[in-house]
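Okay, so here's the structure we're looking at.
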Amino acid sequence: QVQLTESGGGSVQAGGSLRLSCVASVDTYLHYCMGWFRQAPNKPREGVATINGKGVLKYADSVEGRASISIDYAKNTVILQMTNMNSEDTATYYCAAGFRGSHCRLDRGIDYVHWGQGTQVTVSS
């Protein structure tokens with residue numbers, strides 16, 4: 001099994017940027033489907049971005065143009081770079097691995113087997 005450890009969360013002003021990192025204890029998972037999800041208070045979990053082993057990227061409409069997901073294989077790390085952040089980005093962000101389907105999906109978080117503990121992101125207006 002893989003352990004996922006998120007970091008990089010914190011407080012940021014609206015319009016600012018954050019770089020979230022997810023370190024995977026097993027590098028094999030990085031060659032398949034990796035995802036970033038988030039959950040705000042009183043809201044359902046939302047897929048933010050996914051990347052597969054072929055470099056295919058998917059983004060939620062809410063972050064399109066403001067988010068970039070990438071993998072640093074040398075560091076076993078999945079990166080979520082977010083810019084021009086707004087209050088709607090306030091949430092706990094989770095790294096996910098081990099999707100049980102054929103392709104990465106943003107709308108099927110339940111099918112990701114492994115999850116990190118999450119990192120809190122707070123955007124002030």
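The values are calculated or read from the model by the stated rules, or taken from the named source; none is laboratory data. The model shown is predicted, which means the values in this text are computed figures rather than measured ones. Every residue, glycine as well, gets a Cβ built from its backbone with ideal geometry; the counts of neighbours run over all protein chains shown. Just the protein is used for accessible areas: all its heavy atoms, side chains included, with ligands, DNA and RNA removed. Shrake-Rupley method; radii C 1.70, N 1.55, O 1.52, S 1.80 Å.
For the reader, a short list of remarks on this structure follows.
- Residue count for the stretch 3-42 satisfying the condition of being over 17 Å from residue 79 (Cα atoms) and aliphatic (A, V, I, L, M): 3.
- Yes/no for residue 80 being under 20 Å from residue 109 (Cβ atoms), touching a residue at least 12 places away in the same chain (Cβ under 8 Å), surrounded by fewer than 20 Cβ atoms within 10 Å (Cβ to Cβ) and hydrophobic (A, V, I, L, M, F, W, C): no
- Meets criteria (among the hydrophobic types (A, V, I, L, M, F, W, C), over 18 Å from residue 5 (Cβ atoms) and in contact with a strand residue (DSSP E or B) (Cβ under 6 Å, 6 or more places away or on another chain)) for residue 80: no
Listed here are the residues, each with its yes/no results for (1) over 20 Å from residue 107 (Cβ atoms); (2) open to solvent by less than 70 Å² (accessible area, probe 1.4 Å); (3) of a type in the set (Val, Ile, Thr); (4) outside any helix (DSSP H, G or I).
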{"site": "2", "(1), (2), (3), (4)": "yes, yes, yes, yes"}
{"site": "6", "(1), (2), (3), (4)": "yes, yes, no, yes"}
{"site": "12", "(1), (2), (3), (4)": "yes, yes, yes, yes"}
{"site": "15", "(1), (2), (3), (4)": "yes, yes, no, yes"}
{"site": "38", "(1), (2), (3), (4)": "no, yes, no, yes"}
{"site": "41", "(1), (2), (3), (4)": "yes, no, no, yes"}
{"site": "50", "(1), (2), (3), (4)": "no, yes, yes, yes"}
{"site": "58", "(1), (2), (3), (4)": "no, no, no, yes"}
{"site": "84", "(1), (2), (3), (4)": "yes, no, no, yes"}
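- Residues that are touching a Lys or Arg at 6+ places or on another chain (Cβ under 6 Å) and either open to solvent by less than 20 Å² (accessible area, probe 1.4 Å) or of a type in the set (Ser, Thr, Tyr) (or both) within the stretch 105-125 comprise just one, 109.
- Any hit, the stretch 24-33, residues being under 16 Å from residue 112 (Cα atoms), among the aromatic types (Phe, Trp, Tyr) and either within 13 Å of the chain's Cα centre (by Cα) or open to solvent by less than 10 Å² (accessible area, probe 1.4 Å) (or both): no
- Meets criteria (open to solvent by 40 Å² or more (accessible area, probe 1.4 Å) and closer than 25 Å to residue 3 by Cβ) for residue 96: no
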